[in-house]
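Read-outs: derived from the displayed coordinates by stated rules, not from any lab. Note that the coordinates shown come from a computational prediction; the quantities given were computed from them, not determined experimentally. Here Cβ is always computed from backbone atoms with ideal geometry, including for glycine, and neighbour counts include all displayed protein chains.
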Amino acid sequence: MELIAIFISAVLVQNFVLYYFLGICPFLGVSKKIDSALSMGLAVTFVMSITAVVSWLINNLILIPYDLGYLQIVSFILVIASLVQLVEMFIRKISPPLYQALGIYLPLITTNCAIMGLALIAALNGYSFVETVIFGFGSGIGFTLAIVLMAGIREQLDLSDVPEPLKGAGIALIVAGIMALAFNGFIGMLT
Amino acid sequence: MTTKTIRAEYLKGLWDENPVLRQLLGLCPTLAVTGTVITGLAMGLATTFVLILSSLVVSSIKKLIPAQVRIATYIVVIASFVTIADQFLKAFFYPISEALGPYVPLIVVNCIILGRQEAFSSRNSIGRSLIDALGMSTGFLLALLVLSSIREILGAGTFLGYQVMGPWFKPWIIMILPAGAFITLGILLGIALKIESKTKRS
């Protein structure tokens, strides 16, 4: 039950984009077409799941036992940066079609604050190993859901008459606000 | 090499190249910590600290950094200063550190800071990088202050915790919710573009 609650909370209630405001750059940058939004979402889900596992191991097997909590920021960011590179090389070697689909999005993910945020929030909440994995995967699905919905809305938005100064990022943020309001309704699911 | 005056170098961060309103950088912390003025201010100051010291270090060691590992080097420099800021807030301003939660460590992935190292500090003198960092962080701080003031006044009727609206005022709860952050910033971006297009035409 606890695990299901963590999953639902990560996907809908505490959505990474709409609740924690993490990963806004790709959310605004790669949400013009549904196809590319979906690829970006899948790439993020993939990296998030791996990051959750690796950051948990580092935090609980190295940093906490040796009382190195102050190295958390430096070690997380370095591990994430090298992890993304490694994942990129790995996918290119074993699955060229998958690399074709995710390729250009993977390097972008290194600087995606959602990945770093995931490692930090999981550590802050003190999740167990299984909980961290569920949390990482759920957060990725939540990100995918938000970015794909956003792309769907923006494809429609192209046809509508938006005031000149609001074109681009302005209207996208206002739409995201309305989406956040809708997602706010999911809070009732967990209480 | 640019031949901008020191004054212009500083002022460009405030409006022409304002990181939030014009370059759309660092939007995550901008949206996340502007529910109240005090958290917005704390985040602005912490980012200022990290940006200025990182620019100082990167511009002074720029000749020693091999081009292939420059990004990794910048990240380590930035992460060190973020750690200092984080530990400092935890030690002396614990309630604020609690309220900011994961967003202080997340300064490390703030694209304004990495962006300035790559675009400016790595190819300009120490003095110029310092002025540039000062200008950019003032611009960031200003954007955070405007956004958090609007959200706190309308969302809670207070400013820095003091009541500013009369008893007739009913707080707009939406402004402190995430939705209020997105909508207010969207409108602010629109206003900034409008002002810019007006001044360009005249």
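Quarter the surface of the alpha carbon convex hull of chain A and you get the mean projected area, 12.1 square nanometres. Residues B:E9, A:E155, B:E98, arranged from fewest to most other Cβ atoms within 10 angstrom of their Cβ, appear as B:E98, A:E155, B:E9.
Return the average number of partner chain Cβ atoms within 10 angstrom of each residue Cβ along peptide B:77-83.
Details: counts 0, 3, 8, 2, 1, 3, 5.
Mean inter-chain Cβ contacts per residue within 10 Å come to 3.
One decimal place: the segment A:L38-A:D67 gains 6.4 nm when fully extended, by the rule 0.36 nm per residue minus the C-alpha distance. Amide H to amide H, with H built 1.01 Å from N, A:G23 comes under 5 Å of A:C113, A:A114, counting only residues 5 or more places away or on other chains. Residues within the reach of a label modelled at A:L3 (point 7 angstrom out along Cα to beta-carbon, backbone nitrogen below 13 Å), restricted to the stretch A:128-166, are A:128-138.
Apply 1/(1 + (r/R0)^6) to the Cβ-Cβ distance of A:S95 and B:S60, taking R0 = 30 Å, and write down the FRET efficiency to the nearest 0.05. Plugging the Cβ-Cβ distance into 1/(1 + (r/R0)^6) gives 0.10.
Between A:I153 and A:L190, how high is the FRET efficiency from 1/(1 + (r/R0)^6) when r is the Cβ-Cβ distance and R₀ = 45 Å? Nearest 0.05. Computed FRET efficiency for A:I153 and A:L190: 0.95.
Residues A:V74, A:V30, ranked from the fewest to the most other C-beta atoms within 10 Å, line up as A:V74, A:V30.
Each of A:F129 and B:V164 was given a label point 7 Å from its Cα along the Cα-to-Cβ line. The distance between the two points is 5.2 nm.
The 3J(HN,Hα) values that the Karplus relation (6.51, -1.76, 1.60; θ = phi - 60°) gives for the stretch A:37-50 are, in residue order, 4, 5, 4, 4, x, 5, 4, 5, 4, 4, 5, 4, 4, 5 Hz. Gly and Pro appear as x.
Counting Cβ atoms of other protein chains within 10 Å of each residue's Cβ and taking the mean over peptide A:166-176 gives 6.
Among B:K90/B:K170; A:K167/B:K12; B:K170/B:K200; A:K33/B:K90; A:K33/B:K194; B:K12/B:K62, which pairs are too far apart, with a Cα-Cα distance over 31 Å? Those over the limit are B:K90/B:K170; B:K170/B:K200; A:K33/B:K90. Relative to the 2.2 N^0.38 Å rule of thumb, the stretch A:59-128 has a C-alpha radius of gyration ratio of 1.31.
A straight Cα-to-Cα reach below 17 Å connects B:K63 with the aspartates and glutamates B:E118, residues fewer than 8 places away in its own chain not being considered.
Histogrammed with a bin width of 20 Å, the alpha carbon distances of the protein assembly as shown distribute as 26, 61, 13, 0 percent, first bin at zero.
Within the stretch B:6-201, the proportion of C-alpha pairs whose separation exceeds 31 Å stands at 22%.
Residues whose amide H lies under 5 Å from that of B:F159, counting only those 5 or more places away or on a different chain, are B:V164; hydrogens are built 1.01 Å from N in the peptide plane.
How would you order A:57-65, B:81-89, B:147-155, A:138-146 from highest to lowest mean count of nearby Cβ atoms within 10 Å?
On the way: A:57-65: 14.4, B:81-89: 19.6, B:147-155: 21.3, A:138-146: 25.8.
In descending order of packing, they fall as A:138-146, B:147-155, B:81-89, A:57-65.
In terms of the mean number of neighbouring beta-carbon atoms within 10 Å, the peptides B:123-134, A:160-171 order highest first as B:123-134, A:160-171. Phi angles across the stretch A:120-131 convert, under the Karplus curve 6.51 cos²θ - 1.76 cosθ + 1.60 with θ = phi - 60°, into 3J(HN,Hα) values of 5, 5, 4, 5, 5, 7, x, 5, 6, 4, 5, 4 Hz, Gly and Pro given as x.
The mean number of partner chain beta-carbon atoms within 10 angstrom of a residue's beta-carbon across peptide A:74-86 is 3.
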